[in-house]
Amino acid sequence: MSVETERSSTESSAASGLDFEDTALTLTLRLPGPVVSSSSSSSSSSPDLDRKRASSDAAADHSPLAAAAAAPPAPKARVVGWPPVRSYRKNALADVAGSSKAAKFVKVAVDGAPYLRKVDLEAYAGYDQLLRALQDKFFAHFTIRKFGDDERKLVDAVNGTEYVPTYEDKDGDWMLVGDVPWK
Amino acid sequence: MVYFPDEVVENIIGFVKSHRDRNAVSLVCRTWYHIERLNRRSVFVSNCYAVHPERLHVRFPRIRSLSIKGKPHFADFDLIPAGWGAKADPWVESCARACPDMEELRLKRMVVSDECLKRVACSFANFKSLVLVSCEGFSTNGLATIATNCRVLSRTRKLEDLGTGSFVRGYNAGAFILDYIGDDGLRAVASSCLELQELRVFPANTRLEERTGVTEEGLVAVSLGCQKLISVLYFCGRMTNTALVTIAKNCPRLKSFRLCILEPRTSDAVTGQPLDDGFGAIVQSCRGLRRLSMSGLLTDNVFLYIGMYAEKLEMLSVAFAGDTDNGMIYVLNGCKNLKKLEIRDSPFGDAALLAGMERYEAICSLWMSSCNITLGACKSLATSMPNLNVEVMTEAAWSIDEADEEANNAKRVEKLYLYRTIAGPRDDVPGFVTVL
């Protein structure tokens, strides 16, 4: 645990040639090393891992004055298994808190599928869930008749052929209607 | 009591229900041991690797209810890779053979496959209750076979389905509360739920950079209003020694106190001091405390207090705490009732680990991860204590059998799990685990 946080930050900011954020309310710390972010004004949101570690050490050492003066804290390093909340609960909490997050839609293409799908990456807590969702989207449609699935389908009353609505997007790909929320 | 016929003793023993008491009864004398074991209906196995399933059935041939725990507690927090073990199959198999009248199975942190569930469904004619807590490896298909085949089933409960979100279950039961209610919400709880016994406040957002939610004030308010509190689990952004002292004074009946300050090593929010004195107050005041989880900035002093005062403590969880080996040594020497010790990211080394050598058989299990222990110390412990399984989780980079033993022994062990056992080393270790 670093005791000399202030000293090291001055050293490192000199070494890296970066401006030490001199606003009264911000306490920023950097370890020596390259800083990724190009926008210097947002140094407190730099994704550099070393920075996060330094600032989390600093948080432990901070005096009450610094604590009172510090602005919204810099992003902290993710420690494995901390805080100790079981993953199912994290997921459930995320669901509850959830819809305020901006959606992150990406296009997914599968060889042999007549059209592409869009999935919202923010809707899934991990790869397992994402893969299951993709499986549902692509393979359920072709191999197993999903009972009560909510894909919008048009059924030709005469011959029973099913149609699904698609559209061609700006890339020239055929996309299934309905993946992206209307709004 | 000596001249009572066995049937009378058995009748009396039948009124003794708790595992603890039953275990005590069995130690009185040989006669009572045999009466008790034949009369026992329910057994709790706190570590599935501590004993062979067959041995259990030999001693207790007439059980109807079996509870088993598998992986160590920190498995809940992604500290144990998949495939570690704790499969339910050997237990279900041996129950199926020895115990066709089994009515209840309760499994916690075990790997339960659909095939295993099918075996349960088809093996026990009177099966009534299946409880799976933090288990994995099964799907709804497996649960469906239980539901279809067990005609007398009264209760299937996969505790992962317990709702989150805020609700208060009556005035006596526990409360599940998300902290987006905030300190004010907790004040409301404090004024309306005077009989509250259990409180759990989870962080609405587990990302450390967003410090919203409850503070020490919320918990102090609840402690003032709900003086019958027995169990607290509290995630918060900040804490003070004063608050902890107040909580300790208001709730001397606490049996379980788990405090998680979200940012590791956070000091007293007002004074900047370590939180040693606050936790010290908790263990001094709450004489019946059985379970303690600590967080925040903590020096060796807090362990001194725990060793001195926490006489009834059975489970201690330590994270990012302590300065020297002394911290761990104080606890090992002091807490005579300790059954589970789990430590992560703390600066305890070989001296501390080996200081507890004589204690580990009484302490059922020890977990240490991201500490300062070396392979050499673990090996030496394993050699001296044959009734312990000493398991280390190896990193991909190095192997146990490297030629240069001295250099090897100096290597830091990232994860150590040791536990007492009469079953010998287990035979289902995955590649990343070595039993020393």
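Points worth noting:
- When we screen B:275, B:254 for residues that are within 16 Å of residue B:224 (Cα to Cα), at pLDDT 95 or above and not hydroxyl-bearing (Ser, Thr, Tyr), the only hit is B:254.
- One residue from B:295, B:231, B:267 being touching a strand residue (DSSP E or B) at 6+ places or on another chain (Cβ under 9 Å), open to solvent by less than 20 Å² (accessible area, probe 1.4 Å), among the polar types (S, T, N, Q) and in the same structural domain as residue B:366 (by TED's automatic domain parsing): B:295
- Unmet criterion (only one of (1) over 28 Å from residue B:69 (Cβ atoms); (2) out of contact with any strand residue (DSSP E or B) (no Cβ under 9 Å at 6 or more places or on another chain); (3) not hydrophobic (A, V, I, L, M, F, W, C)) for residue B:325: (2)
- Filtering B:341, B:316, B:354, B:289 for residues that are assigned by TED's automatic domain parsing to the domain that holds residue B:418, at negative phi and over 16 Å from the mean Cα position of the chain (by Cα) leaves a single hit, B:354.
- Each residue in segment B:254-280 was checked for being within 14 Å of another protein chain (Cβ to nearest Cβ) and in contact (Cβ under 8 Å) with a residue 12 or more places away in the chain, and 17 of them qualify.
- Hits in segment B:175-208 (condition: more than 13 Å from chain A (Cβ to nearest Cβ), modelled with pLDDT of 80 or more and in a strand (DSSP E or B)): B:198, B:199
- Residue in segment B:318-327 that is over 21 Å from residue B:274 (Cα atoms) and outside any loop (DSSP other than H, G, I, E, B) present: no
- Residue match in segment B:209-227 (condition: over 23 Å from residue B:338 (Cβ atoms), away from every other protein chain (no Cβ under 14 Å), assigned to a loop (DSSP other than H, G, I, E, B) and of a type in the set (A, V, I, L, M, F, W, C)): yes
- Residues located in segment B:28-56, provided they are farther than 28 Å from residue B:365 by Cβ and within 28 Å of the chain's Cα centre (by Cα): B:39
- Residue that is least open to solvent (accessible area, probe 1.4 Å) [pool: residues in segment B:330-358 that are among the small types (Gly, Ala, Ser) and farther than 25 Å from residue B:77 by Cα]: B:356
- Residue-level check: of (1) over 20 Å from residue B:433 (Cβ atoms); (2) touching a helix residue (DSSP H, G or I) at 6+ places or on another chain (Cβ under 8 Å); (3) of a type in the set (Gly, Ala, Ser), residue B:293 misses just (2).
- For segment B:47-84, the candidate set comprises residues that are acidic (Asp, Glu) and within 14 Å of chain A (Cβ to nearest Cβ); within that set, the residue that is surrounded by the fewest Cβ atoms within 10 Å (Cβ to Cβ) is B:78.
The values are calculated or read from the model by the stated rules, or taken from the named source; none is laboratory data. Remember, it's a predicted structure, so these values are computed and weren't measured experimentally. Every residue, glycine among them, receives a Cβ derived from its backbone with ideal geometry; neighbour counts consider all protein chains shown. These area figures cover heavy atoms from the full protein model, side chains too; ligands, DNA and RNA do not enter into them. Shrake-Rupley method; radii C 1.70, N 1.55, O 1.52, S 1.80 Å.
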